[in-house]
1. Please list, ordered by first then second residue, the pairs with beta carbon atoms under 8 Å, 6 or more apart or interchain, first in segment 42-56 and within 17 Å of ARG30 (Cα to Cα), second crowded, with 22+ Cβ neighbours inside 10 Å and among the charged types (D, E, K, R).
2. Of everything in segment 282-299, what is open to solvent by 30 Å² or more (accessible area, probe 1.4 Å) and not in a loop (DSSP other than H, G, I, E, B)? Give them in sequence order.
3. Taking VAL72 as meeting all but one of (1) open to solvent by 10 Å² or more (accessible area, probe 1.4 Å); (2) within 28 Å of ARG154 (Cβ to Cβ); (3) assigned to a helix (DSSP H, G or I); (4) touching a strand residue (DSSP E or B) at 6+ places or on another chain (Cβ under 9 Å), write down the number of the exception.
4. So HIS77 clears everything in (1) within 29 Å of LYS40 (Cβ to Cβ); (2) under 17 Å from the mean Cα position of the chain (by Cα); (3) modelled with pLDDT of 95 or more except one condition, right? Which one?
5. Return the residues of segment 212-254 that are assigned to a loop (DSSP other than H, G, I, E, B), open to solvent by less than 50 Å² (accessible area, probe 1.4 Å) and touching a helix residue (DSSP H, G or I) at 6+ places or on another chain (Cβ under 8 Å); say none if nothing qualifies.
6. Checking ILE24 against (1) buried (at least 18 other Cβ atoms within 10 Å of the Cβ); (2) touching a helix residue (DSSP H, G or I) at 6+ places or on another chain (Cβ under 6 Å); (3) aliphatic (A, V, I, L, M), which single condition isn't satisfied?
7. Could you list, in sequence order, the residues of segment 261-272 that are over 12 Å from GLY48 (Cβ atoms), surrounded by 14 or more Cβ atoms within 10 Å (Cβ to Cβ) and either of a type outside the set (D, E, K, R) or within 19 Å of the chain's Cα centre (by Cα) (or both)?
8. What number goes with the only condition from (1) within 13 Å of the chain's Cα centre (by Cα); (2) open to solvent by less than 10 Å² (accessible area, probe 1.4 Å) that TYR9 does not pass?
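The values are calculated or read from the model by the stated rules, or taken from the named source; none is laboratory data. Because the structure is predicted, anything quoted here is derived from the model rather than measured. In this analysis, Cβ positions are derived from the backbone assuming ideal geometry, glycine residues included, and neighbour counts consider all displayed protein chains. All accessible areas refer to the heavy atoms of the entire protein, side chains included, with ligands and DNA or RNA removed. Shrake-Rupley method; radii C 1.70, N 1.55, O 1.52, S 1.80 Å.
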Amino acid sequence: MTDPILHHYPMSPYAELVRRALGIKGLAWRSVIIPNVAPKPELTPLTGGYRKTPVLQIGADIYCDTAIIIDVIEAAHPSPTLFPAPLGRAGTLIALQAGGATFSQAVGSAMAGFLDRMGEDFIEDRKKLFGMNRERMAQMAPHLIAQYRGWLARLDDALADGRAFLGGDSPGYADCAAGMNVWFQGNFGLLESRLAPFPHVAAWFARLAAIGHGNPVEMGAQDALDVAQAAAPVVTADIEADCGFVLGQQVVVRTEDPGADPVAGALLRCTPRTISITREDPRVGTVAIHFPRIGQMLSPA
């Protein structure tokens with residue numbers, strides 16, 4: 001496996017999840033900084049229109065969404081594992097929760113006090129994608145803060161038995177996912193004040209932060225496109241008999257977000273865990289775009 005290429009921007013919480021996972025693995029990786037709003041002209045040739053962050057590229061295989069990014073990193077570099085015992089793969093379920101309602105509460109409670117400082121381009125972009133609304137967020141701020149504090153309290157309870165990380169002695173995917181919510185608060189100067197009542201969370205997060213991000217090296221967007229152009233997808237076909245689709249069928253993949261852009265291509269994989277399609281672009285040739293099954297809507301083109 002060549003060095004993975006992470007397309008991301010510094011303040012993205014989900015990118016921080018992946019950066020921390022790369023740190024746990026101690027990996028060298030290439031860092032391509034992308035815009036935090038659409039359009040993303042240097043990313044679209046790779047993703048076909050998927051515009052969320054981050055995206056992981058390995059040659060001509062493009063991985064969209066942290067859930068599948070974590071799986072491919074783990075498969076290529078199994079040690080140290082992102083699923084340490086005794087929690088094991090149950091860490092995925094913790095990660096799903098951390099990236100669900102708690103993620104919205106963590107982000108909303110952090111941003112609510114800074115809405116007047118956010119550019120209109122950012123607000124309009126997130127409004128289109130997620131339905132973000134300044135007035136509604138301001139009104140919801142007390143509730144969001146209360147809910148986020150409630151999650152911190154439960155997290156503190158879980159860590160009160162002396163464990164170093166959520167799964168025991170070693171950090172893993174669950175820590176990366178929960179940690180992104182805590183980390184995001186720090187972008188707004190809220191880390192110490194929000195963690196002050198929760199000493200076990202504060203100590204855990206300090207241990208997690210100390211792991212770092214591995215060994216990133218900056219890379220230009222055009223260089224990443226050139227890597228894809230020179231490569232070919234390596235992931236093999238796998239269509240489950242009862243999935244309702246056939247190999248090579250023209251399909252559209254769309255995230256569940258209300259303003260998500262569709263990604264069209266020929267179906268390569270359809271399993272309970274993954275969806276993969278292939279598509280052509282004059283700037284990169286043939287690429288395979290991979291998604292986790294959870295969170296994606298698949299339909300005929």
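1. Close Cβ pairs satisfying both conditions: LEU43/ARG51.
2. Taking segment 282-299 first, the residues open to solvent by 30 Å² or more (accessible area, probe 1.4 Å) are 282-283, 286, 293-294, 297, 299.
Matches in segment 282-299: THR286, MET297, SER299.
3. Unmet for VAL72, out of (1) open to solvent by 10 Å² or more (accessible area, probe 1.4 Å); (2) within 28 Å of ARG154 (Cβ to Cβ); (3) assigned to a helix (DSSP H, G or I); (4) touching a strand residue (DSSP E or B) at 6+ places or on another chain (Cβ under 9 Å): (2).
4. Result: HIS77 passes all but (2).
5. GLY212, GLY214
6. Answer for ILE24: the failing condition is (2).
7. LEU267, LEU268, CYS270
8. In the conditions (1) within 13 Å of the chain's Cα centre (by Cα); (2) open to solvent by less than 10 Å² (accessible area, probe 1.4 Å), TYR9 misses (2) alone.
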